[in-house]
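Engineer: Below: one structure in structure tokens.
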Amino acid sequence: MDATTTAAEQGADQGQHRAREHGRHRAADDHRVHRDALSSWWTVAGLAVSALAAILAAWRRRHHRPHDHPAHRRRHRWSLRRRLLVGGAGAAALLGAISVAVNARVGFVPDVEGLRLRLRLGSARSVVPQPTEPASRRAGAGLASVSTTPPQGRGSAGAVRIPAPPELRIPSDTAWVYTPPDYDPSGHTLYPTLYLLHGSPGSAVDWMASGLPGVLDSLITSGVVRPMVVVTPDTNAVGTTESSCLDSTTGGSQVETYLTNVVVPWVDTHYPVASHWRYRAIGGMSSGAFGALDQGLRHPELYGTILAILPYDHPGEGGSHQLATQEEVDAHSPGVYLPTIDLPHPLGVFLDYGELVAEAEEGATARKLAALLRARGVEVALRTEPGLGHTWTMALVALPHAVEFFEQRMARDD
């Protein structure tokens, strides 16, 4: 009987493993699944063929000259206008082919939903209403977990305002929030929270417009990860498009204070989320990856997992604008302070970069930080994505692996 039970349990485990693998592959391909004509190579081919045909038709030589008769001259003028129109249409199609090709490569606007968000036309998804009062937390509320019957459907995504005190000089207090399929606002279920930071130049909508909701939907409905809330705040500062999530020491924006003392407490208060560092992660891409590393390492009371995609280990342009001295820059450079910073609890760090930047700063930084972190006993996942560079496409390919790393760490603590 024990052997039969063990075999059944092993079969169930294998079935769940296969389901997770299937979900992982679905989510890893989600940037392709949710793309449409705006980023399709078929669109590029169609526009290119149309452009070539139109340009050839417009500029082919005529085999006779117009006669002096007025009717012939009118027909010639009409023919010339028609050729100019056809040629203009061909040029427009060629420009469209180039634009779609670039977009297909970088993944900035993967679909019509992304375009709607980029143009500030709102989301076609059901929009999360901005909470107007603190969320309730029911007695005995349970933590969201991976289920053998995961929720189905789509999550919601919408913009909220997280008001900043005037003295912090925050230029935009808009954040975007993703809530999972079958989201329960009643407080009976507590959700983990993932904070994702945009790159530079960028804004709070970037992760949502680039395809995050579809990727999270796929991960959650496949049973790969548990339902979670994702928050993408705006981290820009007065006078610069790259704050590096720093508090200015020269009279500018106090971005770190906004994130730490305003955004996280506001989310904890207004959404039914688990307010423990084990169930809170911070991540980002490019300069947002630097921000995630610096904030996560220096605020262990808030975050237990860091997800850094295309990372840097120094504040870069943001440091030049926000900080006054080299000592201040060093105090915000993980490559400098990692050997000595206090790490009071188990920490996990996910690092990922594209193969095309393996020998550039992003790849070198990821490998350097992985070594420094492992030397401190930190759990590290280091990945390279084949054939990709420094693009939003790369970020969306890395995202499923990053979120699953977060899930694996939470699962060990459940």
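Engineer: For the range 346-359: of the residues being open to solvent by less than 40 Å² (accessible area, probe 1.4 Å) and part of a loop (DSSP other than H, G, I, E, B), which is farthest from Gly284 (Cα to Cα)?
Structural biologist: Checked the range 346-359; the qualifying residue farthest from Gly284 (Cα to Cα) is Ala358.
Engineer: Can you give me the number of residues within the range 229-249 that are within 17 Å of Ala308 (Cα to Cα), of a type outside the set (Val, Ile, Thr) and not in a loop (DSSP other than H, G, I, E, B)?
Structural biologist: Number satisfying all stated conditions: 1.
Engineer: Suppose we filter Glu359, Glu385 for residues that are charged (D, E, K, R), at pLDDT 95 or above, within 21 Å of the chain's Cα centre (by Cα) and over 19 Å from Gly304 (Cα atoms); which single one remains?
Structural biologist: Glu385
Engineer: Would you confirm whether or not the range 341-355 contains a residue that is more than 28 Å from Val229 (Cα to Cα) and in contact with a Lys or Arg (Cβ under 9 Å, 6 or more places away or on another chain)?
Structural biologist: yes
Engineer: Here is a follow-up. For residues in the range 124-146 being within 25 Å of the chain's Cα centre (by Cα) and at pLDDT below 90, which is surrounded by the most Cβ atoms within 10 Å (Cβ to Cβ)?
Structural biologist: Val128
Engineer: Check Pro171 against each of (1) of a type outside the set (D, E, K, R); (2) touching a helix residue (DSSP H, G or I) at 6+ places or on another chain (Cβ under 9 Å); (3) at pLDDT 95 or above; (4) farther than 21 Å from Asp268 by Cα and name the one condition it does not meet.
Structural biologist: (2)
Engineer: Is one or more of the residues making up the range 375-395 within 25 Å of Pro201 (Cβ to Cβ), open to solvent by 20 Å² or more (accessible area, probe 1.4 Å), not aromatic (Phe, Trp, Tyr) and not in a loop (DSSP other than H, G, I, E, B)?
Structural biologist: Among the residues of the range 375-395, not one is within 25 Å of Pro201 (Cβ to Cβ), open to solvent by 20 Å² or more (accessible area, probe 1.4 Å), not aromatic (Phe, Trp, Tyr) and not in a loop (DSSP other than H, G, I, E, B), which makes the answer no.
Engineer: Output the number of the condition that Leu343 fails; it satisfies all remaining conditions of (1) within 17 Å of Ala289 (Cβ to Cβ); (2) open to solvent by 30 Å² or more (accessible area, probe 1.4 Å); (3) in a loop (DSSP other than H, G, I, E, B).
Structural biologist: Leu343 satisfies all of (1) within 17 Å of Ala289 (Cβ to Cβ); (2) open to solvent by 30 Å² or more (accessible area, probe 1.4 Å); (3) in a loop (DSSP other than H, G, I, E, B) except (1).
Engineer: Being among the small types (Gly, Ala, Ser), at negative phi and without any contact (Cβ under 8 Å) to a residue 12 or more places away in the chain narrows it down to one of Ser218, Ser275, Ser200, Ser222, so name that one.
Structural biologist: Just one listed residue meets the conditions, Ser275.
Engineer: Continuing with this model, one more query. Go through the range 163-205 and give me each residue that's in a loop (DSSP other than H, G, I, E, B), aliphatic (A, V, I, L, M) and more than 21 Å from the chain's Cα centre (by Cα).
Structural biologist: Hits for the range 163-205 are Ala164, Ile170.
The values are calculated or read from the model by the stated rules, or taken from the named source; none is laboratory data. Here the structure is a predicted model, which is why all the values come from computation and not from measurement. As a convention, Cβ positions derive from the backbone with ideal geometry for all residues, glycine included, and neighbour counts pool all protein chains shown. The area values use the complete protein model at the heavy-atom level, side chains included, leaving out ligands, DNA and RNA. Shrake-Rupley method; radii C 1.70, N 1.55, O 1.52, S 1.80 Å.
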